[in-house]
Amino acid sequence: MLTEEKLTLERANHYIQENKGNVNPLYRPTYHVSAPVGWLNDPNGFVYYQGEYHLFYQFYPYNSQWGPMHWGHAKSKDLIHWEELPVALAPDEWYDKDGCFSGSAIEKDGRLYLMYTGHVVENDVVTQTQCIAVSDDGINFEKLASNPVIGAELLGDEGSIHDFRDPKVFQHEGTYYSVVATKTHDHRGKIVLFSSEDLNEWTFFSVLLEGTKEQGIMWECPDFFTLDGKDVLIMSPIQIKRQGHEYHNISSTMACIGQMDWETGKLTVENFHEMDFGMDYYAPQSLLDDKNRRIVIAWMQMWDRTFPTHDLGHQWAGSMTLPRELRVRNNRLIQRPVSEVYSQLEYEHGIENLEVGSQPVIFHHLIKDNTYMQIVADLSEASQFSIQFAKQAEQYLRLNYETESSTFTFSRKNFGYELKGAEKQPVDTRQFPVELVNQQLILEIFRDTNSIEIFVNGLEVISATFYEIEKGSDLVFHSEGKTMIGSFETAIIKA
């Protein structure tokens, strides 16, 4: 049990070493980042620093439920194999005593700077300010004596100090900027921009973008960058209203593609769209690496849902997505698996020119905990093509494409433990339009122990978690009309 003892780095690291061996590994991922013990949510401080990828994350080691936020820390050379590092931040100062909330990282003069939100609750009143911690080695951080560096005085009337969080710091033409999430007085999302010459002294710069009532009551975890000639803002709106196939989760992730006016500090948006059509994708954060790639990673979970690993006493909850490379195509943000993952594939099974009709084609014992699969299917003579994935008896994940409506469907309904949420309508099935490529459906599927990520025709992505009660390992293809699978391969992802 957690006592009123001060939450320090030393205490957190000692607790982790004493308790991580007690975690139940039944649903633990093999190649996705998860915390050694306890609760994990938003990725923070995703940065390429001194030849390695560093990922920090919202972390509460003492319970598999959300609590006073710390910053967990891991690093990697290849974005697939991750090394656990000591906790980077603990809520041990007056300005962050109730949580070191989400933020970001940037390198300056060889040092690594973390910019995060200090969260304080006094008499049920929340105050959120922006703070800085700095490191010479990328592992041990010291909080600035001048913290908080951005507070109520700089925010002024441009937002609510009670909802003012998640700074993403970046550099543009020699000046440092930070986008920060806040909300209007009538509960609409708002992103504000601050500038600095040294990461210590900050000034208010502009209101970057403001939302409508339909776009959620608060925008969280903003990220801002230029890519393929476009300026891109990504963020996570809370309680955004459904719009057709989009935004069915209680909270979601939105990409805003447009052009930035650096004179006024305002973004003109040409296209808003949801980034992921699954059930579990939130708070993505990106970095620019030494290969000039814009790579993003997100929390593969969703707020206000049941967490079986907590309910079952497994002592952990939450994981990250596979890192993905971003591009802008036709004013939409496209996500593709990072190339490094392909060097970790160990070929298992392959077939060419497999015809599928009304009689199901069944592969027994094919699906494992860390299966990769690629399917290229010609649907020119099919009205519908479906896949039953990880089938066991009557339980399976369902993937389906209807050619007349160009609609892809994914469902985890009745698969393992029921994942309930705060949505008025259960979110166990998602549909979205996606066009075939030369009459072909091209799927890449990355399965880890309790998750699946499906890349559809290189255009859309589905991220979803699941918790099987009995393991399913069969794969079933079915078609209405003739589907010709030109290429079908499976591999194991080495971790």
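The values are calculated or read from the model by the stated rules, or taken from the named source; none is laboratory data. On a predicted model such as this, the values are computed, not experimentally measured, just so you know. We place every Cβ from the backbone using ideal geometry, glycine too, and count neighbours over all the protein chains shown. SASA here: full protein model, heavy atoms, side chains in, ligands and nucleic acids out. Shrake-Rupley method; radii C 1.70, N 1.55, O 1.52, S 1.80 Å.
Which of the residues belonging to the range 415-429 are open to solvent by 80 Å² or more (accessible area, probe 1.4 Å) and of a type in the set (Asp, Glu)?
Within the range 415-429, just Glu418 meets the criteria.
Of the residues Ile452, Ile469, only one is outside the structural domain of Tyr282 (by TED's automatic domain parsing), open to solvent by 40 Å² or more (accessible area, probe 1.4 Å) and either under 16 Å from Tyr396 (Cβ atoms) or assigned to a strand (DSSP E or B) (or both); which?
Ile469
Please name all residue pairs, on different chains or six or more residues apart, with Cβ atoms under 9 Å, provided the first residue is in the range 365-383 and is under 9 Å from Ile492 (Cα atoms) and the second residue is among the small types (Gly, Ala, Ser) and open to solvent by 10 Å² or more (accessible area, probe 1.4 Å).
Short answer, once both residue conditions are applied: Lys368/Ser473; Asn370/Ala495.
Check off (1) open to solvent by 50 Å² or more (accessible area, probe 1.4 Å); (2) under 23 Å from the mean Cα position of the chain (by Cα) for Ile362 and give me the number that stays unchecked.
Result: Ile362 fails condition (2) only.
Listed here are the residues, each with its yes/no results for (1) out of contact with any strand residue (DSSP E or B) (no Cβ under 6 Å at 6 or more places or on another chain); (2) at pLDDT 95 or above.
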residue	(1), (2)
His273	no, yes
Phe277	no, yes
Asp280	no, yes
Asn292	yes, yes
Ala298	no, yes
Arg305	yes, no
Asp311	yes, yes
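Checking Leu2 against (1) at pLDDT 95 or above; (2) open to solvent by 10 Å² or more (accessible area, probe 1.4 Å); (3) part of a loop (DSSP other than H, G, I, E, B); (4) among the hydrophobic types (A, V, I, L, M, F, W, C), which test does it fail?
Every condition holds for Leu2 apart from (1).
Under 6 Å between Cβ atoms, which residue pairs at least 6 apart in sequence (or on different chains) link something in the range 150-168 that is under 15 Å from Val121 (Cα atoms) with a partner that is part of a loop (DSSP other than H, G, I, E, B) and open to solvent by less than 10 Å² (accessible area, probe 1.4 Å)?
none
Name the residues in the range 301-317 that are out of contact with any Gly (no Cβ under 8 Å at 6 or more places or on another chain) and either under 26 Å from Val232 (Cβ atoms) or not assigned by TED's automatic domain parsing to the domain that holds Gly229 (or both), would you?
Once the filter is applied, which keeps residues that are out of contact with any Gly (no Cβ under 8 Å at 6 or more places or on another chain) and either under 26 Å from Val232 (Cβ atoms) or not assigned by TED's automatic domain parsing to the domain that holds Gly229 (or both), the range 301-317 yields only Trp303.
Select the strands (runs of 3 or more DSSP E) contained entirely in the range 151-243, then report the ones holding at least 1 residues which are more than 22 Å from Pro43 (Cα to Cα), open to solvent by 20 Å² or more (accessible area, probe 1.4 Å) and touching a helix residue (DSSP H, G or I) at 6+ places or on another chain (Cβ under 7 Å).
202-210
Pull up the range 472-495, narrow it to residues that are at pLDDT 95 or above and of a type in the set (D, E, K, R), then point me to the one that is least open to solvent (accessible area, probe 1.4 Å).
Taking the candidates together, the pick is Asp474.
With respect to the numbered conditions (1) open to solvent by 30 Å² or more (accessible area, probe 1.4 Å); (2) touching a strand residue (DSSP E or B) at 6+ places or on another chain (Cβ under 6 Å); (3) over 29 Å from Asn438 (Cβ atoms), which one is the sole condition not fulfilled by Arg412?
Tallying (1) open to solvent by 30 Å² or more (accessible area, probe 1.4 Å); (2) touching a strand residue (DSSP E or B) at 6+ places or on another chain (Cβ under 6 Å); (3) over 29 Å from Asn438 (Cβ atoms), Arg412 fails exactly one: (1).
Under 27 Å from Leu26 (Cβ atoms), open to solvent by 40 Å² or more (accessible area, probe 1.4 Å) and not assigned by TED's automatic domain parsing to the domain that holds Ser487: does that describe Thr264?
In short, no.
If you take just the strands (runs of 3 or more DSSP E) that sit entirely in the range 13-129, which of them hold at least 3 residues that are within 17 Å of the chain's Cα centre (by Cα) and not aliphatic (A, V, I, L, M)?
Qualifying strands (runs of 3 or more DSSP E): 38-49, 52-60, 70-76, 100-108.
Open to solvent by less than 60 Å² (accessible area, probe 1.4 Å) and in a loop (DSSP other than H, G, I, E, B): is that true of Gly458 in this structure?
It is true that Gly458 is open to solvent by less than 60 Å² (accessible area, probe 1.4 Å) and in a loop (DSSP other than H, G, I, E, B).
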